[in-house]
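Below you'll find the structure, written out as structure tokens, and then a few comments.
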Amino acid sequence: MGKRDHLGEFEVLVLLAILRLGADAYGMAVRRAIEERTGRKTSIGALYITLDRMEEKGFVTSEIGEATPERGGRAKRFFSINPAGRQALNKSLEEVSKMAVGLFPVSEAL
Amino acid sequence: MNLILRTAIAKICIAVFYVRARTLLFNAKVIMQFSKLSVWIGRARAKRHIKPYREAVDDFQKRSNALLSELKNFNELPENRRQQVLATRSSLMEEAQSLKTIIAKLAPIYNPGATAIVYVANRAMSKVQRLEQRYKSLSRILSTVNSANFYWDVLLWLVGGSEAMLGDLNEEYLLRIANDGEPGARAWYCDQAISTARDYLWKKIERLAAVGALIDLIDRWFKK
């Protein structure tokens, strides 16, 4: 696994949100999922920049859905995780959980 | 006044799109010229590469024809000549087999020019597809010139926001109108548009900075 294959914190959140949403993972649903679960305000632009970058890396793939009137006739872009993305996500989560063993929740005494 | 301003902005957007399309067209013409050159070089290289094999096949053909004419009168030949003809026949059959193997194994000639052209052409193709999407996106924005979020949509289009992204914003905006009322929804849309434009511009600046750093590095290397 090269240096380019390591995930950033926001990339991990995005991949987890896509996993949770399954077949319904499109831009705004991913943004909402992150905001609801983490309370983190995210711009749709930052999300799309991250998704495009991960698509270039081969971690996710996207396909265009059907256009709907409530979206002004614009189509949704659905995202799904590739095996490389799953592998990178597993590795990142494993690293964090290994580092956090015995420390979480972080106490004042440490 | 408002409509005049909106129309002026629409005209600016069309001009921006026109300039981008013209640039792409120019790039396509340049690629076309390079492709022609690459094809010409590829042909010349292929000709040179195949030449020894062609000569070997021609030589084989000549010897086979000579053998065939001797085989026609095989019964009239003296015994020692018959033996020679049979030996030539078996050696030619072996040669034919090895020629077949060589021809089957002939690797395609590596043409770095063609590889580069294919790469650049694929990039240009994806740019054309993106331009087509941007055209659709622009025409959709301009068809709703009176919409409340017209200015923000134009801003997002100018920084490179995609159709799917604008659709997402539109969908959430309508939901927020139902939940929070129009002022709240508009404030949210404005906030999203500004932060998205900032993120996209930052990404472009980062890319420009990377290119600048590379040019600086090359410049220093040449000065050394």
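Summary table below
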| item | result |
| --- | --- |
| Of all residues making up the stretch A:31-80, the number that are more than 12 Å from chain B (Cβ to nearest Cβ), without any contact (Cβ under 8 Å) to a residue 40 or more places away in the chain and among the β-branched types (V, I, T) | 3 |
| Elements of type helices (runs of 4 or more DSSP H) contained in the stretch B:101-185, each with 2 or more residues being within 14 Å of chain A (Cβ to nearest Cβ) and loosely packed, with under 14 Cβ neighbours inside 10 Å | B:112-143, B:163-180 |
| One residue from B:W188, B:W221 being surrounded by 14 or more Cβ atoms within 10 Å (Cβ to Cβ), more than 7 Å from chain A (Cβ to nearest Cβ), among the aromatic types (F, W, Y) and free of Cβ contacts under 8 Å to residues at least 24 places away in the same chain | B:W188 |
| B:R198 vs. criteria out of contact with any helix residue (DSSP H, G or I) (no Cβ under 9 Å at 6 or more places or on another chain) and surrounded by fewer than 17 Cβ atoms within 10 Å (Cβ to Cβ) | no |
| Any hit, the stretch A:58-72, residues being under 24 Å from B:A193 (Cα atoms) and within 11 Å of the chain's Cα centre (by Cα) | no |
| Given (1) more than 22 Å from B:Q192 (Cα to Cα); (2) surrounded by 17 or more Cβ atoms within 10 Å (Cβ to Cβ), number of the condition A:L19 does not satisfy | (2) |
| Among residues of the stretch A:61-105, those that are among the hydrophobic types (A, V, I, L, M, F, W, C), surrounded by 11 or more Cβ atoms within 10 Å (Cβ to Cβ) and over 30 Å from B:L169 (Cα atoms), counted | 3 |
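Read the figures in this text as sums done on the coordinates, not as results from a lab. Not measured: the values here are computed from a predicted model. Positions of Cβ are generated from backbone atoms using ideal geometry, with glycine treated the same way; all protein chains shown enter the neighbour counts.
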